[in-house]
Amino acid sequence: MKKALAVARWEYLERVKTKAFIIGLFLTPIIMISMMVLPTLLATQEDSSTKAIGIIDRTGELARPFAEKMESRYTLKNGLPNYLVQVIAGGRNDSLEVLIRETDQRIRNGELEGYCIVRGGAASDTLVDYRSLSLGDFILLSRVEENLRAVISEKRAAARGVSPLLLKELQVRLDLKSVKLSKTGKEEEGDFIKIFLSAYIFMMMLFMLIVGSGQALVRSVIEEKSNRIVEVLVSSCSPTQLMAGKVLGLSALGFTQIGVWAFLGIVGTIQFGVQVMPPWSALLLIVYFILGYLFYAGVFIAAGSPLSTEQAAQQVTSYLVLVLLIPIVIAFPAMKNPDAGWIRIMTFVPFLTPTMMALRIPIQMPAAWEILATVLLMIVSIWGIMVAAGRIFRVGILMTGKAPNIAEIFRWIKTG
């Protein structure tokens, strides 16, 4: 054990002092937070100048009320209206094709941001087109839709003798507060964004740790094989001790990184008074985090030991990365129905267990037997993959040249 710890200490200290590790320690969370926060801030950023939009109203009854609502409801910080609505035409005798061509040209000239075409009246189902060079301003699109709907509703109400003021009073503003019930009946305030972010952050942290540490494990083995250093190492310690030392050292490096990120996250939640999830759920996620990392450490060691080139290592690790991406891809359907049969089946696949449980735990705590069964499954899987990895490592680290095929690797495992 002393020799394994000596290898672990060397692997840890050799990498923890590098500039790349220190920079990544602080740069990575900044990048992650920026990727989550900046798009929202930029998407909801208020306009700095008035936008001109047009409307072609084939009914002649919706354009003016729509213009009044758009110009009066939304203002810029300097007090000017956010939108100026130009009523382009209202009569049915005008050629619609000519109007569209002329207005399209005005958009290309920069005179208008976009324009609506209203083909049906308030009394019938109304078809509205919105034309623009860019359809990325979803705030503008939602406001156009909201105000056109309000105008049509008022027109229909007036046609039936209902006062627009009464219609406004009858409209109900509803604030929906979501409450999550545990199986014991305990109530917890739920927030989909917090739930999604907690699961997503867990998956991304596990993904980054596994990919970074796993590739470092494989690269370390290949470098030592190519430099013939591994022959010197195995002359002073056994292959099992060498493998254990590498796993322990790089695991400590990864957990140091995650520990710093977790500390920064806890400080941030305390500072802003945000509770992402209950402590019991967080503790379970930590357990699956550690189990998932140890399992994949064995997988990377087993996959990288027979390889002799960096190119082959990149090809093999890319396949493992694709497996890790599966839970991230199915995050939304899994959150919608965390107890679906196919979700439960995927939970019992060791390669997916940690990340699938990370999706399920924040939304709806799985049954106690599932938690116990998956933890035992991961422990057994870790033991099995470490035994297999040790046998592959024992033979693979001294092999150079052509990589062995699958049959040979299985023969190493059986005869190890």
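To keep it simple, each residue is scored yes or no on (1) assigned to a helix (DSSP H, G or I); (2) at pLDDT below 75; (3) touching an Asp or Glu at 6+ places or on another chain (Cβ under 6 Å); (4) in the same structural domain as E145 (by TED's automatic domain parsing).
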{"residue": "E14", "(1), (2), (3), (4)": "yes, no, no, no"}
{"residue": "F21", "(1), (2), (3), (4)": "yes, no, no, no"}
{"residue": "L27", "(1), (2), (3), (4)": "yes, no, no, no"}
{"residue": "L41", "(1), (2), (3), (4)": "yes, yes, no, no"}
{"residue": "F66", "(1), (2), (3), (4)": "yes, no, no, yes"}
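Could you list, in sequence order, all residues of the stretch 344-366 that are surrounded by fewer than 19 Cβ atoms within 10 Å (Cβ to Cβ) and without any contact (Cβ under 8 Å) to a residue 24 or more places away in the chain? I345, V349 - these are the residues of the stretch 344-366 that are surrounded by fewer than 19 Cβ atoms within 10 Å (Cβ to Cβ) and without any contact (Cβ under 8 Å) to a residue 24 or more places away in the chain.
Q257 meets each of the listed conditions (1) buried (at least 19 other Cβ atoms within 10 Å of the Cβ); (2) more than 22 Å from the chain's Cα centre (by Cα); (3) assigned to a helix (DSSP H, G or I) apart from (2).
Between G91, G79, the distinction of being modelled with pLDDT under 75 and exposed (fewer than 14 other Cβ atoms within 10 Å of the Cβ) belongs to G91 only.
Filtered by the rule that a residue be within 22 Å of the chain's Cα centre (by Cα) and among the charged types (D, E, K, R), the stretch 348-392 gives a lone residue, R360. Tally the residues that are over 23 Å from E113 (Cα atoms) and either touching a strand residue (DSSP E or B) at 6+ places or on another chain (Cβ under 6 Å) or not aliphatic (A, V, I, L, M) (or both), restricting the search to the stretch 141-170. Total meeting the criteria: 10. The set of residues in the stretch 127-159 being among the hydroxyl-bearing types (S, T, Y) and under 18 Å from Q45 (Cα atoms) consists of S134, S142.
Would it be correct to say that M243 is farther than 15 Å from E11 by Cβ and not basic (K, R)? Criteria not met by M243. Tell me which residues, restricted to the stretch 343-359, are in contact with a helix residue (DSSP H, G or I) (Cβ under 7 Å, 6 or more places away or on another chain) and either over 17 Å from I210 (Cα atoms) or hydrophobic (A, V, I, L, M, F, W, C) (or both). Those that are in contact with a helix residue (DSSP H, G or I) (Cβ under 7 Å, 6 or more places away or on another chain) and either over 17 Å from I210 (Cα atoms) or hydrophobic (A, V, I, L, M, F, W, C) (or both): I343, M346, T347, F348, F351, L352, M356, M357, A358, L359.
Let's see how each residue does on (1) assigned by TED's automatic domain parsing to the domain that holds T256; (2) of a type in the set (G, A, S); (3) modelled with pLDDT of 70 or more; (4) surrounded by fewer than 16 Cβ atoms within 10 Å (Cβ to Cβ):
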residue	(1), (2), (3), (4)
L176	no, no, no, yes
K180	no, no, no, no
I195	yes, no, no, no
A199	yes, yes, yes, no
F202	yes, no, yes, no
G212	yes, yes, yes, no
A216	yes, yes, yes, no
V221	yes, no, yes, no
I229	yes, no, yes, yes
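The values are calculated or read from the model by the stated rules, or taken from the named source; none is laboratory data. Predicted model, so just to flag it, every value in this text is computed and none were measured. Reconstructed Cβ throughout: ideal geometry from the backbone, glycine too, with neighbour counts over all protein chains shown.
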